[in-house]
Structure formats: structure tokens, C-alpha cells
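Have a look at the structure below, then the notes.
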Amino acid sequence: MADSVMASWSTSEAIETFVAAFENASLPRRHWTHRAHLLVALASVQRWGHDQALVHLRERIRAYNEATGTSNGNSYGYHETLTRWFLQAVAAHQARHQELPLTESLEVLLASPLGDPGCPLAAYSPERLWSVEARHGWVEPDLRPGAGPAAIAAQVAAREMRSVPMADRPVLYSFRRCPYAIRARLALAAAGLQPGRDLELREVNLKAKPPELLEASVKGTVPVLVLPAEGRVIDQSLDVMRWALKDRDAAEAIPGSDTPRQAAQRALIEALIASNDGPFKHHLDRFKYADRYPGADAEEHRAKALAILREWNQQLQHLEDRTSLADLALLPFVRQFRLADPEGFDASAGLTVLRAWLERFLASPELATVMAPPWAARTAWHSPSFLYHFALAEDWRAARSQGSYRRSSRGQSLEEVGFIHASHAAQLQATHQRFYADANNVLLLTIDPQRLAAAGIAVEEEPAPGSGEFFPHIQGPLPLEAVLAWEPYPS
Ligand SMILES: N[C@@H](CCC(=O)N[C@@H](CS)C(=O)NCC(=O)O)C(=O)O
């Protein structure tokens, strides 16, 4: 089974294949992650309901463990209390999200306390949860007896009832690896906001910026936060952070200004951010991307950036011992600096405090959270303003060397059909499912209709035979310059 299929679960076939591999114990152990447990539990609850799923999974997990070299004993293998805990959690979640396709339901579950692998430890002491008794039979929580999955589900439901209506929901344009976008996501997450519930997150491919982003902010950088309810757009990362934390700053990342101590902390935070966004970023870019700056001497800029980091090494010792706006704002950039030359960074003198500070961040759940779904995706958001076309990788490769693309759809040429099939964003999954689900090396091309028009190629909306659903049909060869991006699909 291809690793991409194991990881993506983007079609119902891929999910079925995965669940079947678990059921017949051919699933490699490394794929039997927390996420995979929840997927299998969701699929089983959908199929059989909670009670029968429990009977089935109890037997299947034990068999899977035996087959993959983990014995079901007193310290390892099958765990009845945890199985029941998560199955109850999954059933409660499923009851509220019946309308969602399985993979979306899984993402919502993973982002909720119900899917949090550490959640049982808020109710049980480790001694009780890891006891032989809990492994072989159900035991009640000892720390917080009433705080089982049902109570957590009720809390989650109450919070969802208070969530923002769809049309008023803020939209965050973001890019997974961009340090400005990372700092914005860190602050939004620290403020307790969640994609899906409180805002819509749109991952941007910077090579194919969606027109909706450019309409919101002409400068076309990320992050951009669109606030429909306030009729306002925020297009500077620091402003996004301040917006997120205003009235939601439970951990006091931005200190008040009542006492001299608070005022001094605020001043230090401001000074650190100014130093990062000004000189440090200047030298970081010229060190990391020296080829983009003609005449820049990478070594000289590295040394200057290091000198700034040594100053911060001193200043950090005066920051109070809790996560501040400066931590959230600077760490993504220091992370990027280290990534450009990890050995050099680790060997540099005068950075002991700063290195420990960075290491804590790199290992933190806060960073992991904003680098994974639903806070960050590896596939860009599909814009209703673009057109999309599925191409086989070899056809696209040939087109790039020949100068234009002339396939209509799988197995058919433009000459045979008279136009090139394309899809709107909302039609992608179904089109892929219908025609490409069994194909390897499928690429999704993002097409800019304005560039098509500029090249004199028309697009007609025409009904597909059978369904009557309208699809865009490109009336001529696809010029390469109209294709903004291409990526494997599913990613
Ligand atoms: N001052 C802006 C800077 C944001 C920025 O430069 N973001 C980069 C990505 S890390 C970007 O969007 N660049 C535009 C591009 O690459 O086309 C902020 O703080 O939000």
C-alpha cells in the first residue's frame, strides 16, 4: 500500500483500504497512530453504532497487536479503559457531526478536546490509568469522576453553539511555513480560537495567490485576516496577533501597563519585536536567501544576525517566565535562522539562554498545533475564482517541454473532444473520484481564467452529459503561462 494513500485518506476508497489493512492486520505498525485509531473508531461507529463497534474493535485491536508483535499483557497491548473512553468520545462526536464526510469529521475531532490523546489524563491519575485493572477492564476516573467523554462532549457542544455564524466568520489567509503567518497562528491559537469553529483558514500557495486574498489586501502577503463582521481587513502579522489577544489574553502575553514592572516588560517586548522585524529580519533574509540579494555577503549577514541574537540572549533573561507576545513574535524567525545552518547555530558561543528558549519552543505542543491541520495544510485552499484541471504527470511534463497542453481529460486529446475539461473548486473531489481515483501521478493544475482570456482562449460553462451539472470547458490548447501552480492530488 502506497504511503501517500496511507497518509491522505482523501477518498472513500483510500479510507476503506486503510481500515481493511487494520482489520486484516497487514497495516504496518508505524501507521497505527492516534489519528489512525480515531479514523478506524469513527468508521466502525458509523458502520455499526457504538455498542457493536466496541465488541468488534476489542477483538480486532487484540488480534492486530498479536499479529504485529505486541502481546496483550499487563503492561502492553490492548487497553480496555482507553478503548472505551475514545469510543464513547467518537460516538458523541459522530452524533453531532453526522453530516460531515469522514475525513473532515476526523479533523474536527482531532481539533477538539474529545480527540486529544492526553484528555483521559485530566480525569485519571497516571497510576490508575496505567494500572493492570484499567488495562483489562473499565475503571472510573479517580481525579475528576464526572469528567468522562460524555461531559466533555457536552462542553464542546455548548461551545459550538456559541460559535460564529458562517457569513461573519473571520477568514485567515496563511502559509504553513511563513514565519509571519506562524506567529499569527500562534497568537490566534493562544487566544483559544479554532479554525472551523471561530474562523476559516485558507492555506495560500504564494505562486498562485487567490484573487480573494488580493482583493482583501493588494500587497498580497500573508497573513491576512478578513473580518466581515467588523468590515475590516488586517494585513500585518503583529496586528493580527494583537487583534487575537485583545480580550482573550488569559495568559497575559501582553502585560498591562498599571505597574512600573508591567510597563518595563511591555517596553522590553516592544524593543525585542522592533529588533526582530527590523535588523534581524534584514540580516536573516540576506543570509538565508543571499542569491536573491545581488552583492550580499551571506557570511557578513549571518555574523550580524548572530550579534543580535547574543543581545537577545541577555535581554531574554529579563522577560517574565511566561509566554509573551515577544516569544510568539520572535521564535518563528529564530527557528528559521537555525534551520538555515543548524550546526553553525548550535556551535555559536553566547547563545545558551536563547538556545534553550528555542528548544522549548521547537518541542512545544503550541508549535506542533499550528503546523498541522486544521491550522496548516499541505494543500492550498481551492479558490472559486480559479479553474482546475487534473493532468497525468507525464502529460504535463510533455506539455512543459512542448510549450502547450493539449489533453482534454484522461485518455482523450483536445483534438478528439474539441475542448479541455476543467472543474470549479467545489467539483474537484467528485471529478477526481469519478475519473482519476485509480490513477497514480495525478497533478492538479491551478488555472488563472484571466490569463486564459489574455491568451485569447475562451471558457464555456457547459452541462456534463448525464448529470446536467455545469463544468468549465476550455476552448483551445492550455497556454503554460495560464497555469499558476501544479501539485500532486491528493497531496
Ligand atoms: N509585514 C508583513 C510581512 C508578511 C510577509 O512578508 N509574508 C511573506 C511570506 S513569509 C509573503 O507573503 N510574501 C509574499 C510573496 O512571497 O509573494 C507581516 O508582518 O504580515
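Values as computed for the structure displayed
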| read-out | value |
| --- | --- |
| Residue match in region 344-352 (condition: among the small types (Gly, Ala, Ser) and touching a His at 6+ places or on another chain (Cβ under 8 Å)) | no |
| GLY295 away from the ligand (no atom under 13 Å from the Cβ), assigned by TED's automatic domain parsing to the domain that holds GLU320, surrounded by fewer than 15 Cβ atoms within 10 Å (Cβ to Cβ) and outside any helix (DSSP H, G or I) | yes |
| Pick from region 321-342, criterion modelled with pLDDT of 95 or more and among the charged types (D, E, K, R), ranking: farthest from ILE254 (Cα to Cα) | ASP341 |
| Cβ pairs under 9 Å, 6+ apart, first in region 219-241 and closer than 13 Å to ASP168 by Cβ, second polar (S, T, N, Q) and part of a loop (DSSP other than H, G, I, E, B) | VAL226/SER217 |
| Region 321-352: number of residues that are surrounded by fewer than 15 Cβ atoms within 10 Å (Cβ to Cβ), hydrophobic (A, V, I, L, M, F, W, C) and part of a loop (DSSP other than H, G, I, E, B) | 1 |
| Unmet criterion (only one of (1) over 28 Å from ALA296 (Cβ atoms); (2) in the same structural domain as ASP321 (by TED's automatic domain parsing); (3) within 11 Å of the ligand (Cβ to nearest atom)) for VAL240 | (2) |
| Out of ARG128, ARG183, sole residue that is assigned by TED's automatic domain parsing to the domain that holds ALA216 and of a type in the set (D, E, K, R) | ARG183 |
| Helices (runs of 4 or more DSSP H) within region 1-91 that include 2 or more residues modelled with pLDDT of 90 or more, over 25 Å from ASN441 (Cα atoms) and in the same structural domain as PRO141 (by TED's automatic domain parsing) | 12-23, 34-48, 50-67 |
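Results for (1) under 23 Å from GLU104 (Cα atoms); (2) at pLDDT below 95, shown as yes or no for each residue.
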{"position": "LEU188", "(1), (2)": "yes, no"}
{"position": "GLY196", "(1), (2)": "yes, yes"}
{"position": "LEU201", "(1), (2)": "yes, no"}
{"position": "ALA208", "(1), (2)": "no, no"}
{"position": "GLU215", "(1), (2)": "no, yes"}
{"position": "VAL222", "(1), (2)": "no, no"}
{"position": "GLY231", "(1), (2)": "no, yes"}
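The values are calculated or read from the model by the stated rules, or taken from the named source; none is laboratory data. Treat the numbers as computed from the prediction; the structure is a model and nothing was measured. When we count neighbours, we look across all protein chains shown, and the Cβ atoms used for this are built from the backbone with ideal geometry, even at glycine.
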